[in-house]
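Chemist: So that we are looking at the same thing, I have put the structure below in structure tokens.
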Amino acid sequence: MRAIDRRNALVGTLAAVIGGGTAPAQTPPPTVAGRARDPRETIDLWPGGAPGMPARAPVETVVERSTDPRQSDRAVHGIVRPRLVVFRPATPNGAAVLVTPGGGYRWVVIDKEGYEVGQWLSARGYTVFVLFYRLPGDGWAAGPDVALSDAQRAIRLIRARADAYGIDPGKVTAMGFSAGGHVCGDLATRFATATYAPVDAADRLSARPDRAAPIYAVQSMSAPLAHAGSRTLLIGSDAAPSQERAHTPAHNVTRDTPPCFLVHAEDDDVVPVGNTLEMRAALRAAGVSVETHLFAQGGHGFGIRKAADKPARAWLELFRTWAEAGSPV
């Protein structure tokens, strides 16, 4: 195990400093009226509010995109109080997963890449934290690093509260989808980048996830692989090549990048499969353990529900097998 992973000695002390136990639910989960079955437990990331507030504060808004009254498909934008929504398992297996849903950096999907994944994993023993992160197009001072700031802070808080949740702080995986997969890949490759000033003792902990699973992830910020909408909202339509490279995870892979689990459908017509292939090549070149699953069919954004009748439905069980096999960290 590399020196960067030797971070666990501080965790017990820091949990006591921060207050131990479960953080009070300061901000409810993003929701719409009538969703009584939504999870209730949340953890606000930033005491006193998130840093770098825009001159005009965004207004958090939840949009219901589904026309089927039996199945919700919500998304939230204008996030001002980034937070974790917690899914506790009946019997914790000691492992945690930080989930970053997609949404093209336009919004953050709630149901199909957030709560549904949280429910599936927590039913199998994982303690799951779904992250509702700030969006780069809202004018935060951190600019294109604002979602990464939230992801770094989230990993540190999960580790700081490991004892309270029955988590091994050395078993924290990051999983992200589409643009949330970019957040995940950014975290896996730039976890040590200083994107915010420390606010409390938790920020003394490492933000490096022990494993990472970018799923049909936005990865490249350069044509022809870039997803145009995500690129524009993250770095602008006229960004220089240096900016493109700085925010393309494949260009930031090092030997300290954690082992990765990659999934993509080859018929994805929104985020080309070349994003995952480029990331895989960079991981292999750096000597980082990587497992890759490509499916002939699945399109984009299949999550759990849209993969139900396709071979791509196997991806979560494949992830579980990989995660529990004890790949080197």
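One line per residue, one yes/no per condition, for (1) under 20 Å from GLY303 (Cβ atoms); (2) modelled with pLDDT under 95; (3) buried (at least 22 other Cβ atoms within 10 Å of the Cβ); (4) not aromatic (Phe, Trp, Tyr):
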site: GLU113; (1), (2), (3), (4): yes, no, yes, yes
site: ARG124; (1), (2), (3), (4): yes, no, no, yes
site: PHE129; (1), (2), (3), (4): yes, no, yes, no
site: TRP140; (1), (2), (3), (4): no, no, yes, no
site: LEU148; (1), (2), (3), (4): no, no, yes, yes
site: ALA151; (1), (2), (3), (4): yes, no, yes, yes
site: GLY180; (1), (2), (3), (4): yes, no, yes, yes
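Chemist: Answer yes or no as to whether LEU283 is surrounded by fewer than 19 Cβ atoms within 10 Å (Cβ to Cβ), closer than 18 Å to HIS251 by Cβ and hydrophobic (A, V, I, L, M, F, W, C). Quick ask: steps written out before the conclusion?
Modeler: Values: surrounded by fewer than 19 Cβ atoms within 10 Å (Cβ to Cβ): no; closer than 18 Å to HIS251 by Cβ: yes; hydrophobic (A, V, I, L, M, F, W, C): yes.
No; evaluated as a whole, the condition is false for this residue.
Chemist: Of the residues that sit in the stretch 34-62 and are farther than 18 Å from ASP145 by Cα and touching a strand residue (DSSP E or B) at 6+ places or on another chain (Cβ under 8 Å), which one is modelled with the lowest pLDDT?
Modeler: Restricting to residues being farther than 18 Å from ASP145 by Cα and touching a strand residue (DSSP E or B) at 6+ places or on another chain (Cβ under 8 Å), the top hit is PRO39.
Chemist: For the stretch 72-91, enumerate the residues that are aliphatic (A, V, I, L, M) and within 22 Å of ALA57 (Cβ to Cβ). It would help to see each step written out before you state the result.
Modeler: As a first pass, look at the stretch 72-91 and keep what is aliphatic (A, V, I, L, M): 75-76, 79-80, 84-86, 90.
If the condition is that a residue be aliphatic (A, V, I, L, M) and within 22 Å of ALA57 (Cβ to Cβ), then ALA75, VAL76, ILE79, VAL80, LEU84, VAL85 are the ones that fit.
Chemist: How many of the residues making up the stretch 286-315 are β-branched (Val, Ile, Thr) and over 25 Å from VAL253 (Cα atoms)? Talk me through it step by step, then tell me what you get.
Modeler: Taking the stretch 286-315 as the starting set, the residues that turn out to be β-branched (Val, Ile, Thr) are 288, 290, 292, 304.
From what's left, over 25 Å from VAL253 (Cα atoms): 304.
Residues that pass the stated criteria total 1.
Chemist: What pairs come out if I take residues in the stretch 244-259 that are surrounded by fewer than 17 Cβ atoms within 10 Å (Cβ to Cβ) and pair them with residues that are at pLDDT below 95 whose C-beta lies under 7 Å away, six or more apart or interchain?
Modeler: Matching pairs, first to second residue: ASP256/ARG2; ASP256/ILE4.
Chemist: Next up: Against the condition closer than 16 Å to LEU45 by Cβ and surrounded by 24 or more Cβ atoms within 10 Å (Cβ to Cβ), how does ALA201 come out, does it pass? Reasoning before the result, please.
Modeler: Numbers: closer than 16 Å to LEU45 by Cβ: yes; surrounded by 24 or more Cβ atoms within 10 Å (Cβ to Cβ): no.
For ALA201, the condition - closer than 16 Å to LEU45 by Cβ and surrounded by 24 or more Cβ atoms within 10 Å (Cβ to Cβ) - is not met.
Chemist: Which members of the stretch 289-298 meet the condition of being surrounded by fewer than 22 Cβ atoms within 10 Å (Cβ to Cβ) and assigned to a loop (DSSP other than H, G, I, E, B)?
Modeler: SER289, ALA296, GLN297
Chemist: Would you check if there is a residue in the stretch 276-286 being assigned to a loop (DSSP other than H, G, I, E, B), touching a strand residue (DSSP E or B) at 6+ places or on another chain (Cβ under 7 Å) and free of Cβ contacts under 8 Å to residues at least 60 places away in the same chain? Outline the logic, then answer.
Modeler: First, the residues of the stretch 276-286 that are assigned to a loop (DSSP other than H, G, I, E, B): 286.
Cutting the leftovers down to touching a strand residue (DSSP E or B) at 6+ places or on another chain (Cβ under 7 Å) gives us none.
There is no residue in the stretch 276-286 that is assigned to a loop (DSSP other than H, G, I, E, B), touching a strand residue (DSSP E or B) at 6+ places or on another chain (Cβ under 7 Å) and free of Cβ contacts under 8 Å to residues at least 60 places away in the same chain.
Chemist: Only one of VAL290, VAL270, VAL263 is touching a residue at least 12 places away in the same chain (Cβ under 8 Å), out of contact with any helix residue (DSSP H, G or I) (no Cβ under 7 Å at 6 or more places or on another chain) and of a type in the set (Val, Ile, Thr); which? Write out each step before concluding.
Modeler: On the way: VAL290 fails: out of contact with any helix residue (DSSP H, G or I) (no Cβ under 7 Å at 6 or more places or on another chain); VAL263 fails: out of contact with any helix residue (DSSP H, G or I) (no Cβ under 7 Å at 6 or more places or on another chain).
Exactly one residue qualifies, and that residue is VAL270.
Chemist: Taking only the stretch 158-178 into account, find how many residues are surrounded by fewer than 23 Cβ atoms within 10 Å (Cβ to Cβ) and in a helix (DSSP H, G or I).
Modeler: Of the residues in that region, 3 qualify.
Chemist: Pick out the one residue from ARG231, ARG245, ARG284 that is basic (Lys, Arg) and over 19 Å from PRO144 (Cβ atoms).
Modeler: Of ARG231, ARG245, ARG284, the one residue that is basic (Lys, Arg) and over 19 Å from PRO144 (Cβ atoms) is ARG284.
Chemist: Could you tell me whether the stretch 85-101 includes any residue that is hydroxyl-bearing (Ser, Thr, Tyr), under 22 Å from LEU234 (Cα atoms) and buried (at least 17 other Cβ atoms within 10 Å of the Cβ)?
Modeler: First, pick out the residues of the stretch 85-101 that are hydroxyl-bearing (Ser, Thr, Tyr): 91, 100.
Next, only the ones that are under 22 Å from LEU234 (Cα atoms) stay: 100.
Filter again for buried (at least 17 other Cβ atoms within 10 Å of the Cβ), leaving 100.
Among the residues of the stretch 85-101, at least one is hydroxyl-bearing (Ser, Thr, Tyr), under 22 Å from LEU234 (Cα atoms) and buried (at least 17 other Cβ atoms within 10 Å of the Cβ), which makes the answer yes.
Chemist: Continuing with this model, one more query. Please work out which residue is nearest to LYS171 (Cα to Cα), limiting yourself to the stretch 129-143 and to residues that are in a helix (DSSP H, G or I) and not small (Gly, Ala, Ser). Step through it out loud before you land on a result.
Modeler: Residues of the stretch 129-143 that are in a helix (DSSP H, G or I), as a first pass: 136-138, 143.
Pick out the ones that are also not small (Gly, Ala, Ser) and you get 136, 138.
Values: PRO136: 29, ASP138: 33 Å.
If we take residues in the stretch 129-143 being in a helix (DSSP H, G or I) and not small (Gly, Ala, Ser), then PRO136 is nearest to LYS171 (Cα to Cα).
Chemist: Here's a follow-up. Quick check, is ALA188 within 12 Å of the chain's Cα centre (by Cα) and either among the acidic types (Asp, Glu) or in a strand (DSSP E or B) (or both)?
Modeler: Values: within 12 Å of the chain's Cα centre (by Cα): yes; either among the acidic types (Asp, Glu) or in a strand (DSSP E or B) (or both): no.
Answer is no for this residue.
Chemist: Identify the single condition in (1) hydroxyl-bearing (Ser, Thr, Tyr); (2) touching a strand residue (DSSP E or B) at 6+ places or on another chain (Cβ under 6 Å); (3) closer than 16 Å to LEU131 by Cα that SER178 does not satisfy, given that it satisfies every other one.
Modeler: Among (1) hydroxyl-bearing (Ser, Thr, Tyr); (2) touching a strand residue (DSSP E or B) at 6+ places or on another chain (Cβ under 6 Å); (3) closer than 16 Å to LEU131 by Cα, the lone unmet condition for SER178 is (2).
Chemist: Condition (residue is in contact with a Pro (Cβ under 7 Å, 6 or more places away or on another chain), aromatic (Phe, Trp, Tyr) and either surrounded by fewer than 22 Cβ atoms within 10 Å (Cβ to Cβ) or over 24 Å from GLY125 (Cα atoms) (or both)) applied to the stretch 301-322: is it met by at least one residue?
Modeler: Within the stretch 301-322, the subset in contact with a Pro (Cβ under 7 Å, 6 or more places away or on another chain) is none.
Checked against the condition, which is being in contact with a Pro (Cβ under 7 Å, 6 or more places away or on another chain), aromatic (Phe, Trp, Tyr) and either surrounded by fewer than 22 Cβ atoms within 10 Å (Cβ to Cβ) or over 24 Å from GLY125 (Cα atoms) (or both), the stretch 301-322 yields no hits at all.
The values are calculated or read from the model by the stated rules, or taken from the named source; none is laboratory data. Quantities reported herein were computed from a predicted structural model and do not represent experimental measurements. No Cβ is skipped: glycine too gets one built from the backbone with ideal geometry, and neighbour counts run over all protein chains shown.
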